[in-house]
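Undergrad: Please find one structure pasted underneath; my questions will follow.
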Amino acid sequence: MELALCSARRSRDPLTQVGCCLVNERNQVLALGYNGMIRTPAGTDNDQLFPWGKSAQPLDSKHSYVVHAELNTLLNTAASSVRGCTLYTTLHPCNECSKALVQAGISTVVYWCHRPTHPAYIAAERLLRLGGVQTRVYHPQPVDAMIRVPSTQGSTPVQRRLLQEPHLRSHPAPAEPVPAGSTSSASCSTQDAEQPSSYEAVHQPAHYHQGGLALVDVIHAYGLHTDHYRATILKYLLRAGRKPGNSLLQDLQKAQWYLDHYIQFLTADEPCP
């Protein structure tokens, strides 16, 4: 999964960066991929030739041109067959990519994040299930054995403030501005550290700062950045009714979905590693 996350950082999509890693039965890496535009002739920049935004007009929307990470990974492999292989992906495959995965013979999909209420991903779950592909959520190992993450011992001004002033953890000051240099949001997207500041509106939306502290800094201060389930549950609970375009009920339903699956994982006789 660390390789999938690193691959996602190469995507130039300002909204969603997705990365994948394909391995065989021996866990040998066969291919990597990320979501991006089609290859164009040498000397041209494919990221500048196509729109990266969303639009009601299909010809002006990225969805008409972008190649998803899962498909790019399948196309990048040099193996004659990927039947029986496992795909690690930072985002659950959509319905279109799920069709390709089933047809290619992928046996298992391990995903980091999901969009369980979106029709394309509901259809994807059905396609993978009926196509005989096993799916499971990736559960991070202890921090010293997995992806290196920022220290929780006050490595940012907000984290230090949370550690030094415990009362802010449950009652954040409502009027204080967010300190400069806070990290990206705790959503499914992974953001390249060199993204221009214009992307801050996407990755640091206003509803993440309501209450004076960025939600992601609260998650990091409590060490939840290695606990995908609890961090995601907290994200949806705290932003519920505040994100434009999402109702209170929608966010609470998403939080409930992750909470139910987390309880199933904790109570399973043989939980996934």
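The values are calculated or read from the model by the stated rules, or taken from the named source; none is laboratory data. All values reported here derive from a predicted model rather than from experimental measurement. Heavy atoms of the whole protein, side chains included, go into the accessibility calculation; ligands, DNA and RNA do not. Shrake-Rupley method; radii C 1.70, N 1.55, O 1.52, S 1.80 Å.
Undergrad: Each residue of the range 100-105 in order: what ³J(HN,Hα) in whole Hz does its phi give by Karplus 6.51 cos²θ - 1.76 cosθ + 1.60, θ = phi - 60°, with x for Gly and Pro?
TA: 5, 5, 5, 5, 7, x
Undergrad: Another question, if that's okay. Once Rh for the range 12-84 is found with the Kirkwood sum over Cα pairs, what is the Stokes-Einstein diffusion coefficient at 25 °C and 0.890 mPa s, in µm²/s?
TA: On the way: Rh = 13.6 Å.
Calculated translational D: 180 µm²/s.
Undergrad: Here is a follow-up. Does the range 1-47 classify as rounded, prolate or oblate by the C-alpha gyration tensor (a ≥ b ≥ c root eigenvalues; a/c under 1.5 gives rounded; else a/b over b/c gives prolate, otherwise oblate)? Each step should come with its number before you reach the end.
TA: Details: a/c = 3.64, a/b = 1.72, b/c = 2.12.
Judged from the Cα gyration tensor, the range 1-47 comes out oblate (a/c at least 1.5, b/c at or above a/b).
Undergrad: Starting from the amide H of Arg115, placed 1.01 Å from N in the peptide plane, find each other amide H under 5 Å away whose residue is 5 or more places distant or on another chain.
TA: Counting only residues 5 or more places away or on other chains, the set is His92.
Undergrad: Additional query: Amide H of Gly19: which non-local residues (sequence gap of 5 or more, or other chain) have their own amide H closer than 5 Å, using H built in the peptide plane?
TA: Ala8, Thr90, Leu91
Undergrad: Rolling a 1.4 angstrom probe over the protein chains, ignoring ligands and nucleic acids, what is the accessible area of Leu252 in square angstrom, nearest 10?
TA: In the full protein context, Leu252 sits at about 70 Å².
Undergrad: Could you order Leu30, Leu49, Leu128 so the one with the most accessible surface comes first? Probe is 1.4 Å. Write out the running numbers ahead of the final one.
TA: Details: Leu30 55, Leu49 105, Leu128 0 Å².
Result of the area sort, largest leading: Leu49, Leu30, Leu128.
Undergrad: Determine the shape class of the range 1-134: with a ≥ b ≥ c the square roots of the Cα gyration tensor eigenvalues, call it rounded for a/c under 1.5, and otherwise prolate if a/b is greater than b/c, oblate otherwise.
TA: On the way: a/c = 1.88, a/b = 1.31, b/c = 1.43.
Oblate.
Undergrad: Could you pull out every residue, at least 5 positions away or on a different chain, whose amide H is within less than 5 Å of the one on Leu30? Hs are placed 1.01 Å off N in the peptide plane, and Pro or chain starts have none.
TA: Distant-sequence amide H within range of Leu30: Leu22, Val23, Asn24.
Undergrad: So what are the ³J(HN,Hα) numbers for the range 2-15, from phi and the Karplus equation (6.51, -1.76, 1.60; θ = phi - 60°), rounded to whole Hz, Gly and Pro as x?
TA: Running phi through 6.51 cos²θ - 1.76 cosθ + 1.60 with θ = phi - 60° gives 4, 5, 5, 5, 5, 5, 4, 5, 7, 5, 9, 5, x, 9 Hz.
Undergrad: Moving to a separate point now. Rolling a 1.4 Å sphere over the protein heavy atoms, what is the accessible area per residue of the range 4-83, to the nearest Å²? Write down the numbers at each step before the final one.
TA: Working: 4630 Å² over 80 residues.
Normalised by residue count, the accessible surface of the range 4-83 is 58 Å².
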